[in-house]
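Below you'll find the structure, written out as structure tokens, and then a few comments.
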Amino acid sequence: MTKWIKKVHMYTGLLNFTMLLIFAAVGISSTFLPEPKQRPRPQAQVRYVEFASPGNLSDRELADHLHKTLNLPLTRPSPNGGIRRNTQNELEVDFFTPAKRYLATILEKESRVRIEEIRFDTWQFASYLHELTPSKAAPHWPTRLWGFYVELSAWSLITMALSGVYLWASTSRRRTRWAKISLVAGIGGLILFYKLIR
Amino acid sequence: MYRLLRNTHLLLGLFFFSFVLLYGITAVHFAHPAWFKGVWTAQQTHLTIPPSSAPNARALARKVMEELDRRGELSTVEETPEGWSLLIRRIGTLIEVRYDRNSGRAEVKTRRAPFMNVLSWMHEHPGISYSYFLHNVWGVVIALGSSALLGLSLTGIFLWFKIHGERWLGSVLLLGGLAFGSILIFALRTA
């Protein structure tokens with residue numbers, strides 16, 4: 001039994017090594033970097049696309065129609081929070097990929113759309129990557145596959161944590177004083193923090 | 001060297017066991033929120049705070065927390081025709097305050113998240129520049145835990161490599177994972 005659990009522990013770690021590095025990098029960078037909103041906004045690339053706005057559509061329907069028409073790579077329909085009217089009453093719609101944000105503004109009088117393409121910095125990209133689960137992924141193969149990889153890694157974290165403790169508990173090293181102290185201190189610290197924050 | 005790294009892997013792993021487990025479980029929570037049932041609770045009360053005691057929103061927030069023995073940090077402030085609308089936050093708890101400057105009446109609604117949401121909130125609460133002390137403590141824990149994860153990954157690779165019988169299959173998994181991840185990262189970054 002221990003032999004197989006050791007293999008599971010090891011293989012899980014090896015298979016998910018890339019994702020573990022990303023999780024660690026995101027955790028460290030998000031501690032020290034300002035939030036994306038507070039960082040300097042990267043220069044947007046602007047382009048215009050012909051777009052005839054069909055009448056009698058709600059903002060939601062128009063945003064979905066725009067999404068289908070533009071067919072921007074790796075995007076999915078904008079969530080409700082990404083659809084709004086600006087001060088000129090033009091419809092603005094956000095579309096996101098892990099690497100960039102597209103801000104599309106429908107210029108109805110000009111029968112075209114202005115598309116601002118804003119590329120995320122490396123850390124913001126990594127942050128998007130680490131939270132891209134299948135339910136959030138756009139229906140394209142890279143995002144879908146990545147979503148499954150993230151979910152696999154989430155389960156792998158649980159597997160590695162539990163199998164790691166099992167491996168320690170099933171060997172003579174379970175009697176090591178420092179190991180016991182580490183485990184108890186870690187669990188105790190987390191419980192204490194939870195109690196304090198509640 | 002081997003002994004040192006093996007002990008480092010063991011002690012780091014055991015100390016951060018609960019942290020890694022928390023991150024794994026909450027990542028599953030983010031992916032499948034419907035699997036976890038939980039209900040927010042709300043408690044409503046009111047206070048009378050003379051306008052002289054609350055000359056600004058920050059002073060009002062401090063006064064509310066003092067009077068009701070609440071903790072947290074002022075998150076958002078909105079000016080209303082009557083006075084202010086405030087949101088005070090701490091991980092797992094939201095305190096909404098609506099203050100009427102004329103009457104001095106403050107309506108306070110405290111909303112508390114269920115267990116799993118608190119853990120998920122902890123997951124996505126990095127940083128060390130908060131005004132609430134415990135939030136900064138947690139930010140340090142996240143930085144240490146993430147560094148530990150990096151340390152566990154690297155020492156794990158070393159320990160695996162020392163097991164000669166596992167090198168072949170292990171290399172396939174490691175290189176396969178790296179290649180798979182790298183191709184997808186490239187595809188996502190350049191699309």
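Every listed requirement among (1) out of contact with any His (no Cβ under 8 Å at 6 or more places or on another chain); (2) within 7 Å of another protein chain (Cβ to nearest Cβ) is met by A:Gly164 save one, (1). Residues in the stretch B:140-190 that are under 30 Å from A:Phe96 (Cα atoms) and in contact (Cβ under 8 Å) with a residue 60 or more places away in the chain: B:Gly145, B:Leu149. Residues of the stretch B:1-23 that are within 15 Å of B:Leu150 (Cα to Cα) and either hydroxyl-bearing (Ser, Thr, Tyr) or in contact with a Cys (Cβ under 7 Å, 6 or more places away or on another chain) (or both): B:Thr8, B:Tyr23. Which residues, counting only those in the stretch A:111-144, are more than 14 Å from the chain's Cα centre (by Cα), touching a residue at least 24 places away in the same chain (Cβ under 8 Å) and farther than 15 Å from A:Gln45 by Cα? Passing the criteria: A:Ser111, A:Arg112, A:Pro139, A:His140.
Among the residues that make up the stretch A:118-131, is at least one of them of a type in the set (Phe, Trp, Tyr) and either in contact with a Cys (Cβ under 6 Å, 6 or more places away or on another chain) or not in a helix (DSSP H, G or I) (or both)? Yes; the residues of the stretch A:118-131 include at least one that is of a type in the set (Phe, Trp, Tyr) and either in contact with a Cys (Cβ under 6 Å, 6 or more places away or on another chain) or not in a helix (DSSP H, G or I) (or both).
So is A:Trp146 within 7 Å of chain B (Cβ to nearest Cβ), closer than 19 Å to B:Thr190 by Cβ, assigned to a helix (DSSP H, G or I) and not aliphatic (A, V, I, L, M) or not? It is true that A:Trp146 is within 7 Å of chain B (Cβ to nearest Cβ), closer than 19 Å to B:Thr190 by Cβ, assigned to a helix (DSSP H, G or I) and not aliphatic (A, V, I, L, M). Of all residues in the stretch A:21-79, which are polar (S, T, N, Q) and surrounded by 19 or more Cβ atoms within 10 Å (Cβ to Cβ)? Once the filter is applied, which keeps residues that are polar (S, T, N, Q) and surrounded by 19 or more Cβ atoms within 10 Å (Cβ to Cβ), the stretch A:21-79 yields A:Ser30, A:Thr31, A:Thr75, A:Ser78. Just one of A:Ala104, A:Ala185 is facing chain B (nearest Cβ under 8 Å) and without any contact (Cβ under 8 Å) to a residue 40 or more places away in the chain; which is it? Every option except A:Ala185 fails the conditions. How many residues does the stretch B:97-114 contain that are surrounded by 18 or more Cβ atoms within 10 Å (Cβ to Cβ) and farther than 14 Å from B:Ile49 by Cβ? The total comes to 2. For the stretch B:1-37, the set of residues classified as within 14 Å of B:Leu119 (Cα to Cα) and either away from every other protein chain (no Cβ under 14 Å) or among the polar types (S, T, N, Q) (or both) consists of B:Ser18, B:Thr26, B:Lys37, listed by residue number.
If you go through the stretch B:59-70 and keep only what is basic (Lys, Arg), at pLDDT 90 or above and closer than 22 Å to B:Ser129 by Cα, you end up with just B:Arg62. Taken together, the residues in the stretch B:1-46 that are surrounded by fewer than 16 Cβ atoms within 10 Å (Cβ to Cβ) and not β-branched (Val, Ile, Thr) amount to 17. The residue of the stretch B:77-99 that is farthest from the other protein chains (Cβ to nearest Cβ), among those that are small (Gly, Ala, Ser) and farther than 19 Å from A:Phe193 by Cα, is B:Gly83. Considering (1) assigned to a helix (DSSP H, G or I); (2) in contact with a Ser or Thr (Cβ under 8 Å, 6 or more places away or on another chain); (3) surrounded by fewer than 18 Cβ atoms within 10 Å (Cβ to Cβ), the lone condition that A:Leu152 does not fulfil carries the number (2).
Exactly one residue among B:Leu134, B:Leu152, B:Leu174 is among the aliphatic types (A, V, I, L, M), crowded, with 17+ Cβ neighbours inside 10 Å and facing chain A (nearest Cβ under 7 Å), and that residue is B:Leu174.
Please find, within the stretch A:11-66, the residue that is nearest to the other protein chains (Cβ to nearest Cβ) out of those that are of a type in the set (Lys, Arg) and in a loop (DSSP other than H, G, I, E, B). Ranking the qualifying residues of the stretch A:11-66, first place goes to A:Arg39. For the stretch A:120-139, the set of residues classified as at the interface with chain B (Cβ under 8 Å from one of its Cβ atoms) and in contact with a Leu (Cβ under 9 Å, 6 or more places away or on another chain) consists of A:Phe125, A:Leu129, listed by residue number. Counting only helices (runs of 4 or more DSSP H) that sit completely within the stretch B:1-98, zero hold 2 or more residues that are under 17 Å from B:Trp121 (Cβ atoms), small (Gly, Ala, Ser) and touching a residue at least 24 places away in the same chain (Cβ under 8 Å). Scanning the stretch A:86-95 for any residue that is in contact (Cβ under 8 Å) with a residue 60 or more places away in the chain and either surrounded by 14 or more Cβ atoms within 10 Å (Cβ to Cβ) or in contact with a helix residue (DSSP H, G or I) (Cβ under 7 Å, 6 or more places away or on another chain) (or both) turns up nothing.
Being at pLDDT 90 or above and hydrophobic (A, V, I, L, M, F, W, C): is that true of B:Ala27 here? It is true that B:Ala27 is at pLDDT 90 or above and hydrophobic (A, V, I, L, M, F, W, C).
The values are calculated or read from the model by the stated rules, or taken from the named source; none is laboratory data. Computed from a prediction, not measured in an experiment: that's the story for all the values here. Virtual Cβ from ideal backbone geometry, glycine too; neighbours counted across all protein chains shown.
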